[in-house]
Amino acid sequence: MLTRQDRTVPDCLEVLERIASLPLRHIGFKDVGIEPARMQELNRRIHAAGALSYLEIVSEDGAAEERAARLALELGVDRLLGGTEVAAVRRVLAGSHIEYYPYPGRPAGHPTRLAGSPEQIAEDCRGLLSAGCTGANLLAYRATDAEPLALVRAARAALGGAPLIVAGNVDSPRRVRELAEAGAQAFTVGSAIFENRFAPRTPGLEAQLRAVLRACP
């Protein structure tokens with residue numbers, strides 16, 4: 001994710017150019033931090049690089065989530081992550097190609113924290129599938145009420161074969177391994193890259209991203 005502290009980095013286009021030689025096939029950004037025109041160009045360049053594009057909702061009210069869904073349509077992103085106003089967002093996305101991965105649990109704040117027990121997460125994941133969502137985007141390592149991997153395992157069991165993405169605070173190879181073992185199929189990483197926390201011994205954006213790629217199962 002071309003994001004830091006839950007906002008798209010202002011120099012996202014320049015960053016994308018720097019990392020263009022890396023074999024990245026999934027690149028995303030948030031619905032806040034840069035203006036829509038810059039998002040449009042960013043999304044175009046992500047596709048030109050042969051990658052899938054992701055927009056993650058961090059806005060917290062229903063009207064803002066609907067605006068983010070309309071923005072996703074206008075930009076032509078491949079996947080929309082986040083949000084909890086599932087019915088409203090699904091209405092906006094109806095008939096489009098965009099895959100939708102909302103948040104289970106009770107996310108709040110900025111940067112976002114996640115409330116909810118494993119049982120609540122599982123119930124929400126089943127509800128997302130019933131509502132026609134592609135899968136779930138779980139803020140496991142931002143949990144306030146439960147152990148993160150317990151939430152991942154609960155979500156995995158509830159989702160069956162549907163995709164599970166884990167977002168937020170995935171900041172080390174160890175956590176990537178833990179997530180894979182618990183059943184997550186994908187994760188997002190942003191601030192840890194820009195702050196040289198994912199692989200502290202190899203600073204630099206490109207080196208951090210290479211470390212992420214090596215950590216992927």
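The values are calculated or read from the model by the stated rules, or taken from the named source; none is laboratory data. Being a predicted model, the structure only gives us computed values, none of them experimental. So basically every Cβ, Gly included, is an ideal-geometry build from the backbone, and we count neighbours across all protein chains shown. Calculation scope for accessible area: heavy atoms of the full protein, side chains included, ligands and nucleic acids excluded. Shrake-Rupley method; radii C 1.70, N 1.55, O 1.52, S 1.80 Å.
Within region 164-217, being in a strand (DSSP E or B) and not small (Gly, Ala, Ser) holds for LEU164, ILE165, VAL166, PHE187. Taking region 147-163 as the range and being out of contact with any helix residue (DSSP H, G or I) (no Cβ under 6 Å at 6 or more places or on another chain) and part of a helix (DSSP H, G or I) as the test, the residues that pass are ARG156, ALA157. Just the residues that are hydrophobic (A, V, I, L, M, F, W, C) and either under 13 Å from GLU56 (Cα atoms) or open to solvent by 60 Å² or more (accessible area, probe 1.4 Å) (or both), please, taken from region 79-111. Selection gives LEU80, LEU81, ALA87, VAL89, ALA94, ILE98.
CYS133 passes all but one of (1) touching a Phe, Trp or Tyr at 6+ places or on another chain (Cβ under 8 Å); (2) outside any loop (DSSP other than H, G, I, E, B); (3) open to solvent by less than 20 Å² (accessible area, probe 1.4 Å); (4) under 25 Å from GLY160 (Cβ atoms); which number fails? Just one mismatch for CYS133, condition (2).
Out of all the residues in region 75-98, is one or more of a type outside the set (D, E, K, R), closer than 28 Å to LEU205 by Cα and assigned to a helix (DSSP H, G or I)? Checking region 75-98: at least one residue is of a type outside the set (D, E, K, R), closer than 28 Å to LEU205 by Cα and assigned to a helix (DSSP H, G or I). Only a single criterion out of (1) touching a Lys or Arg at 6+ places or on another chain (Cβ under 9 Å); (2) over 20 Å from PRO163 (Cβ atoms) is not satisfied by LEU55, namely (2).
Reported count of residues in region 188-217, each being hydrophobic (A, V, I, L, M, F, W, C) and closer than 18 Å to PRO10 by Cα, is 5.
For region 39-63, filtered to residues that are of a type in the set (A, V, I, L, M, F, W, C) and open to solvent by less than 10 Å² (accessible area, probe 1.4 Å), the residue that is nearest to PHE29 (Cα to Cα) is LEU55.
Can you name the residue in region 140-193 that is more than 17 Å from ILE27 (Cα to Cα) and touching a Pro at 6+ places or on another chain (Cβ under 7 Å) and is also surrounded by the fewest Cβ atoms within 10 Å (Cβ to Cβ) among such residues? Taking the candidates together, the pick is ALA150.
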